[in-house]
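Each reported figure results from applying straightforward, stated rules to the coordinates on display, with no laboratory input. Everything numeric in this text was worked out from a predicted model, so none of it was measured. All Cβ positions, glycine included, derive from the backbone under ideal geometry; neighbour counts span all protein chains shown.
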Amino acid sequence: MKTFKSELICGAGGAEISGLDLSKPLPEKTKAELRHALAEHCVLFFRDQRLEPEQQKAFARQFGPLAETPFIKPLEGHPEMMRVVREADEKKKQNFGGRLHSDMTFQEAPVLGTVLYSRESPAVGGDTIWTNQMLAFEALSPAMQGMLEKLNVMHSAKRSYGPQGTYADDDLKSMRINASETALKETAHPCVRTHPETGRSILFVNWVYAIRFEDMTEEESAPLLEFLNRHSQRPEFQIRFRWTKGTLAFWDNRSTQHLAVNDYAGYRRVMDRVTIAGDKPYFTPA
Ligand code: SIN
């Protein structure tokens, strides 16, 4: 018997977990069960948690060492944590994380997972949407799957944090972002990666950091990348979650993309985020 209750929120995945207090260390059996549930359902949600930053970090550390987020000023006193804030009177049109992406895929070893905790939620809106990239891969034709399995994709942070990137001209009102030349670096990852725990194949592209196929130009790559990204956001691959204050989400960054829906002008939204270090993506034919 499991040490917690788990309820799926939709066909694409996402499970609400109840019966656990995340402010305290978890037994080994519970951690193993959560790891298994994460690999299977992509995102786990825990409502009504009361966590200080240290407790959120301690929760995440039970699943691996924490990773620091480049380009974004961390929360004071917590180098591995960032606060995602949008003020009620924020005038800038864009919000942080408002386009589908997986976290930090521009790195050699992108993060395994992200732990996001809601400190303040809008009365209306501000949901997060994830896409299940395992389902997205499985829905492609065998011919397309076979072709993609042979390709590498170059990932880079340049469109967000490079000198000409989205965040280069000015900060969001409440978050300090340091655009820099180091964002121009490119890293190759397989277009289809193998989930290290389940062996399932994952369509490993995203709108923000996957910029071109290896040995092709951005222009040559754009039509196929655009098709794959549009395909990934089909409604049946989506997991959409309505936040309430005190909810913690833990997502598998290897098998998902996500975005913060930008529909809550006039309300404040505050989330604390930590990430768990991952390994280098690889592909092993099934
Ligand atoms: C993020 O992209 O990490 C933030 C997601 C959110 O605020 O919902």
Once you sort the root eigenvalues of the Cα gyration tensor of segment 152-286 as a ≥ b ≥ c, which label holds: rounded (a/c under 1.5), prolate (a/b larger than b/c) or oblate (the other case)? oblate
Mean Cα-pair separation over length for the chain, i.e. relative contact order, pairs under 8 Å, 6 or more apart, %: 34
LYS92/LEU184 FRET efficiency (R0 30 Å; Cβ-Cβ; nearest 0.05): 0.80
Burial ordering of VAL115, VAL85, fewest other beta-carbon atoms within 10 Å first: VAL85, VAL115
Can you compute the FRET efficiency between ASP48 and GLU68 using 1/(1 + (r/R0)^6), with r the Cβ-Cβ distance and R0 = 35 Å? Round to the nearest 0.05. 0.75
Stretch LYS150-ASP263 to full length: gain in nm at 0.36 nm per residue minus the Cα-Cα span? 36.8 nm
Can you check what the net charge comes to around THR244, using other residues whose Cβ is under 9 Å from the Cβ of THR244 (Lys, Arg +1; Asp, Glu -1)? +2
Which value in deg cm²/dmol, rounded to the nearest 500, describes the helix-derived mean residue ellipticity at 222 nm for the chain, given -39,500 (n - 2.57) per DSSP H run of n ≥ 4 and division by the residue count? -5500 deg cm²/dmol
Hey, what did segment 133-286 get for relative contact order, percent, Cα under 8 Å, at least 6 apart? 28
For the chain, build the charge dipole from Cβ charges (+1 Lys, Arg; -1 Asp, Glu) around the Cα centre, then report which of PHE106, GLN56, ILE239 sits farthest towards its positive end. GLN56
Let me make sure I get this right: for segment 1-142, a, b and c are the square roots of the gyration tensor eigenvalues over alpha carbons, sorted descending. Under 1.5 in a/c it's rounded, otherwise prolate if a/b > b/c, else oblate. Which is it? rounded
Classify the chain as rounded, prolate or oblate from the Cα gyration tensor: take a ≥ b ≥ c as the square roots of its eigenvalues, call it rounded if a/c is under 1.5, otherwise prolate when a/b beats b/c and oblate if not. oblate
Label point distance in nm, ASP215-LYS245, each placed 7 Å from Cα along Cα→Cβ: 5.6
According to a simple spin-label model (label point 7 Å from Cα along Cα-to-Cβ), what is the distance in nm between ARG234 and TYR282? 3.1
Label points 7 Å out from Cα along the Cβ direction at THR166 and ALA32: separation in nm? 4.1
